[in-house]
Structures are given as structure tokens and as C-alpha cells.
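The values are calculated or read from the model by the stated rules, or taken from the named source; none is laboratory data. These numbers were taken from a predicted model, which means no experiment stands behind them. Neighbour counts are summed over all protein chains in view; Cβ atoms, including those assigned to glycine, are modelled from backbone coordinates with ideal geometry. The accessibility values were calculated without ligands, DNA or RNA, using every heavy atom of the protein model including side chains. Shrake-Rupley method; radii C 1.70, N 1.55, O 1.52, S 1.80 Å.
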Amino acid sequence: MLSANDLKVSFDDRILFEGLTLGVDAGERVALVGQNGVGKSTLLRVLAGDRRAESGRVDKRVDATVGYLAQEPRLDLELTAHETASQGLGRLRAAISEYDAAGKRLESTPGDASLLNRHAALQTEIERLGGFDAEHRVDRVLTVLGVKDPSARVVNLSGGGRRRVALAAL
């Protein structure tokens, strides 16, 4: 599902890691343990695609997603917990919007094979990203993560509450 091969990252003249290789299969749970400053967060950012390694390669299955939750997430404090968590649906919302537009174009050109194929591919992508009802599950995810009031403004949440909202967005 996710593999990294021969990764190297350094800051100035200090090598954080070099020759790092790992693999994570579907369903595996992995813990990353080490002293402060050894590159744990940097490695996670490289695996999530938020930072580039100097050398090496990260590969993931096409249908896999990797997210990184920063220790201090940057959130828009004026948004509600629900609005913030819903930001994680950006790719899904874009796919649904394109799917709807393709459906409207199909009404005027019902036999367009390439448009039919694109419409079907978008439906598959939407299902892979959580389906048409994913927006409705946002509050349930927030509740499971311990956010009691999805309508609460992020500015009014504790640090832990903000991290839970950021996790829900992932």
C-alpha cells in the first residue's frame, strides 16, 4: 500500500536519515518512536507528500491516501468544527461537481462515449473517496473523535479539541 525506498533528508550539514526504506501493507498499524529531533515528523511529512526527500522514492497504491496531522495544526479559528472538518472533503466535492456537470452534458449528448466513460470513472472515484453521503458523516466522525458540538467555533475549542477537528479533516 505504501513504500519508501532509500530516502534521504538533511538540514544544512545534519543528516536526519539516509538510506531509509520501509513498507506498510494494507491493514497494518505502525508506530514511529524516537527521540526529539531525529526526524519522525519530517519522515511522516515526506510519506504524506507534504515535503520532498533529497533522494529516494515514495510509492503508494493509487487508491491509498496518506495524511499528516501536525502537532500544532493551523486552522481557521473563525470556522466551526463542522466547516473545518468538511474541508477534508475537497477532492470528493470536486469529483461530485464534475460528475454533476458531466451528467448535465450527457442530457444533451446522450451517446457521447467518452463522456459516458468519464461519468462512470467519476462515479467510481466518488465511491472511493467516501461516496455521495460523505458530507453527512462529518458530524458523526467529529462525535466519534470526541467533539461534542460540531457547530462550535474552532477558536472556542481546547488544543486537544482543535487537534481532533484537524484529524477529522484528514
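Quick notes
- Total residues in the stretch 127-169, condition open to solvent by 40 Å² or more (accessible area, probe 1.4 Å), in contact with a helix residue (DSSP H, G or I) (Cβ under 8 Å, 6 or more places away or on another chain) and in a helix (DSSP H, G or I): 5
- Failed item, numbered, when Val9 is tested on (1) free of Cβ contacts under 8 Å to residues at least 24 places away in the same chain; (2) not in a loop (DSSP other than H, G, I, E, B): (1)
- Every residue from the stretch 43-101 that is at positive phi and hydrophobic (A, V, I, L, M, F, W, C): none
- Qualifying helices (runs of 4 or more DSSP H) (wholly inside the stretch 38-126; at least 3 residues being over 25 Å from Arg164 (Cβ atoms) and either in contact with a helix residue (DSSP H, G or I) (Cβ under 9 Å, 6 or more places away or on another chain) or open to solvent by 80 Å² or more (accessible area, probe 1.4 Å) (or both)): 90-108
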